[in-house]
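Quick notes on the structure that follows.
The values are calculated or read from the model by the stated rules, or taken from the named source; none is laboratory data. Just so it is clear, the model here is predicted, and its values are computed rather than measured. So basically every Cβ, Gly included, is an ideal-geometry build from the backbone, and we count neighbours across all protein chains shown. Ligands, DNA and RNA are stripped out before the accessible areas are found, and what is left, the full protein with its side chains, is counted by its heavy atoms. Shrake-Rupley method; radii C 1.70, N 1.55, O 1.52, S 1.80 Å.
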There are 2 protein chains.
Amino acid sequence: MKKAALTRLNILQKAFELIYEKGYQTTSIDDILASTQVTKGAFYYHFKNKDEMGIAIINELLKPTLSSNFIEPLQNDENPIETIHNLIHHLLIENDFLKVQHGCPVSNFTQEMASWNQDFSNALNEITQLWITTMIEIIERGKLKGLIRNEVNANQVTMFVMSGYWGIRNFGKLDKNKLVYDTYLTELKYYLETLK
Amino acid sequence: MKKAALTRLNILQKAFELIYEKGYQTTSIDDILASTQVTKGAFYYHFKNKDEMGIAIINELLKPTLSSNFIEPLQNDENPIETIHNLIHHLLIENDFLKVQHGCPVSNFTQEMASWNQDFSNALNEITQLWITTMIEIIERGKLKGLIRNEVNANQVTMFVMSGYWGIRNFGKLDKNKLVYDTYLTELKYYLETLK
DNA sequence: ACAAAAACATACTATTTAGTATGTTTTTGT
DNA sequence: ACAAAAACATACTAAATAGTATGTTTTTGT
């Protein structure tokens, strides 16, 4: 990788970490410069302004991460009910990249930016839709295989599951304890079983 | 009501509106002064600093509102399944105080403040627990009445429902369309029916 | 090797921010 | 009525902020 590309990537990664911990608005460019050892000239060479960097974080960091952690685990699916439960379990429990006290980065970004910056909204919508359509697909496949009842509405189930995930991620920020994840997961399991 | 108390209440209400629309960090004290026509001297007479005002919004505005909109509707309950569905339906669809593009104030506050201000965390936890314990109670009552299966874990169900509500509120900020609420509500209804 | 462009560095600016210092006015108890 | 306290008003400050102006250094193609 070229040196300049490394600088850019370094900015995106360190900025993401800060934003994940402190929020977008409260992470200053000077914070990012201090954390990356990059100078202001370099920063503004790579990004027109702070918002352009924010969008780049979504498109160039979150999107690939989401693909490998949220989408791919769904691809090689045998049984949707197990697959979905395993995915959420993996994201909440095993995954140690995301911290309970800091929630879900996509959800955080949405909360903070969606209502007053359409560029952020669009970028976030794109990666969220990616997850939604994939989950709908595997539920539909499950219906064809007879593993899920035919009356089940795949879109509804997907929205319901995704909402729960975002919600418990946010509730975790209050509780600051992974135990709430267990509580949630147990009930999610029961719910998913009712789709049989 | 005394004049001074009115000033204080006016600050809290206008500040809440601004914060609900723009977020806590991005709402400046000067914004609040402009919106209330109150001077800085008056503001700092009533509040030691910005955070104290934020906590006061939670305790003196959100808490009572939550009581009348989230707790009381649960009190005169006959059938938990209907009551819970009606409550969430009311909050998401009929209620026109909350806007789809701005989400749930308590959820927003949690997202923005919980991880780095323990005072906010405590205040938010308190009013959230209020909702949780009430919902647990009516589920337990439903079990005694035979309206809900005995194996159902009231705490799990409550966390599951609350997560969904917070999550769909946040997803609404992305979608900016109340239709996602309908999708969610339909599936919530199916889920609640499985508790019978 | 060397010109041009890319990549980075430094110093600065204009605004915005929370908060303070120091007043004046209004209310309240006696 | 009047002193004391409560309530409010104005002008200021120091720090933080996003962004710019103007450089220097490094890389790249020929």
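The separation of segment A:27-54 from segment B:36-97, counted between C-alpha centres, amounts to 38 Å.
In chain B, the DSSP-assigned H stretches of four residues or longer account for a calculated mean residue ellipticity at 222 nm of -21000 deg cm²/dmol, using -39500 (n - 2.57) per stretch and the full residue count as denominator.
Applying a DSSP loop filter and a limit of 16 other Cβ atoms within 10 Å to the trypsin sites (Lys or Arg not before Pro) in segment A:1-39 leaves A:Lys2.
What's the longest uninterrupted piece of chain B once you rule out the GluC sites (Glu not before Pro) that are loop residues per DSSP with at most 12 other Cβ within 10 Å?
No qualifying site falls inside B:1-77, the longest such stretch.
Computed from point charges on the beta carbon alone (+1 for Lys and Arg, -1 for Asp and Glu), the dipole magnitude for chain A about its Cα centre is near 380 Debye.
Based on the Kirkwood approach, the hydrodynamic radius assigned to segment B:117-196 is 14.2 Å, with every pair of different Cα atoms included.
Over every Cα atom in chain B, the radius of gyration and the widest Cα-Cα span, Dmax, amount to 18.5, 59 Å. For segment A:162-181, a reduction of at least 30 Å² in accessible area between the chain on its own and the assembled protein chains (probe 1.4 Å) is found at A:Ser163, A:Trp166, A:Gly167, A:Asn170, A:Phe171, A:Lys173, A:Leu174, A:Lys176. The gain in end-to-end length when the A:Asn122 to A:Ser35 segment is fully stretched comes to 28.5 nm, 0.36 nm per residue minus the alpha carbon separation.
For segment B:1-47, report the % of Cα-Cα distances exceeding 14 Å.
43
Of the whole protein surface, A:Trp116 contributes about 120 Å² of accessible area at a 1.4 Å probe radius. Over the protein assembly as shown, accessible surface divided per residue gives 44 Å², non-protein components excluded, 1.4 Å probe.
Other residues whose C-beta falls under 12 angstrom from the C-beta of B:Asn59 contribute a net charge of -3, scoring Lys and Arg +1 and Asp and Glu -1. Shown for the protein assembly as shown: the carbon plus sulfur share of the solvent-accessible area, taken with all protein chains present and a 1.4 angstrom probe, equals 52%. The shape of the protein assembly as shown can be summarised by an equivalent ellipsoid whose semi-axes, obtained from the alpha carbon gyration tensor, come to 34, 31, 16 Å from longest to shortest. Neighbouring Cβ atoms from other chains, within 10 Å of the Cβ of residues in A:23-31, number 3 on average. Distance between the C-alpha centers of segment A:167-189 and segment B:166-190? Whole Å please. Their Cα centres are 19 Å away from one another. Taken about its Cα centre, the protein assembly as shown carries a charge dipole of about 680 debye when Lys and Arg each add +1 at the Cβ and Asp and Glu each add -1 at the Cβ.
Partner shielding of B:105-113 amounts to 5, given as the average count of beta-carbon atoms from other chains within 10 Å of each residue beta-carbon.
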